[in-house]
Amino acid sequence: MTLNVNRNRIISGRRNESMIVAILQRYTDCIYRNIYLPTVMTKKSVTEIDILFYFQDTIFVIETKNIIGYEGRIDQPNWILKSNSGEYKTYNPISQNKLHTRVLKNRFFERFHYFPKVISLVVVPDGVVYEDDMKNEIMTMEELRDTMQSYSKPAVSHLKYQFISLMEET
């Protein structure tokens, strides 16, 4: 039974990632999915970033969660995520994605000797309600779409090419 629930959660998560990528493809051609970066900060010595993309001289690190609700506060290490297939306890996705962001920035610094502008976001389906203190950390897909539409067409910068170069090494 647990194996089936986990398998369904993985399939559902991939579908959710694909919907987010479809939104982003309207605005950038610089999108990467399921990037594994080595780190000493996890038990497995690697961390997986769901979606990375470059836009407007910024690198965005997205953790996707295909949920209908959650129980947790920004300062709690573990949350209960609620999906159509049930509830499960997991590491705080905001903290998890900040770890991803830190690992990416450190790797970037090792290669290019500066820290780029990187934004960490957890993206959830439309309809998920989250607390006001998490507005800078969590977005619904609709909010992501609205945010992307609010930007004008960016000029290409050297950061984009450095980002692409770094991702090709991974």
Would you mind telling me the share, in percent, of accessible area of the chain contributed by carbon and sulfur at probe 1.4 angstrom? 50
In range of the label at Lys43: residues from region 64-99 whose backbone nitrogen is under 15 Å from the point 7 Å along Cα→Cβ: 78, 89-92
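Roughly how many Å² is the accessible area per residue of region 1-151, as a whole number, for a 1.4 Å probe?
Working: 8420 Å² over 151 residues.
I get 56 Å² per residue for region 1-151.
For Asn97, what charge total do you get from the other residues with a beta carbon under 9 Å from its beta carbon, if Lys and Arg give +1 and Asp and Glu give -1?
Values: positive: Lys98; negative: Asp50, Glu63, Glu137.
So the surrounding residues net to -2.
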Mark the label point 7 Å from the Cα of Lys117 along Cα→Cβ and return the residues of region 34-63 whose backbone N is within less than 17 Å of it. 53-62
Not counting ligands, DNA or RNA, and with a 1.4 Å probe, what is Arg14's accessible surface area in Å² rounded to the nearest 10? 140
Across region 43-160, how many lysine pairs, 8 or more apart or on two chains, come within less than 25 Å at their alpha-carbon atoms? 29
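Of Lys89, Lys44, Lys65, Lys117, which has the most accessible area with a 1.4 Å probe, and how do the rest follow in descending order? Could you put the intermediate results ahead of the total?
On the way: Lys89 150, Lys44 170, Lys65 30, Lys117 120 Å².
Ranked from most to least accessible, the order is Lys44, Lys89, Lys117, Lys65.
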Helices from the chain with mean Kyte-Doolittle at least 0.0 and a Cα length along the axis of 30 Å or more, per DSSP H: which? none
Heavy atoms of the protein only, probe of 1.4 Å, neighbouring chains included. What is the accessible area of Asp132 in Å², nearest 10? 120
Karplus ³J(HN,Hα) for region 30-36 (6.51 cos²θ - 1.76 cosθ + 1.60, θ = phi - 60°; Hz, whole; x = Gly/Pro) runs 10, 10, 10, 10, 6, 8, 9
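The values are calculated or read from the model by the stated rules, or taken from the named source; none is laboratory data. None of these values were measured; they are calculated from a predicted model. Cβ coordinates were reconstructed from backbone atoms using ideal geometry, including for glycine residues, and neighbour counts include every protein chain displayed. The area values use the complete protein model at the heavy-atom level, side chains included, leaving out ligands, DNA and RNA. Shrake-Rupley method; radii C 1.70, N 1.55, O 1.52, S 1.80 Å.
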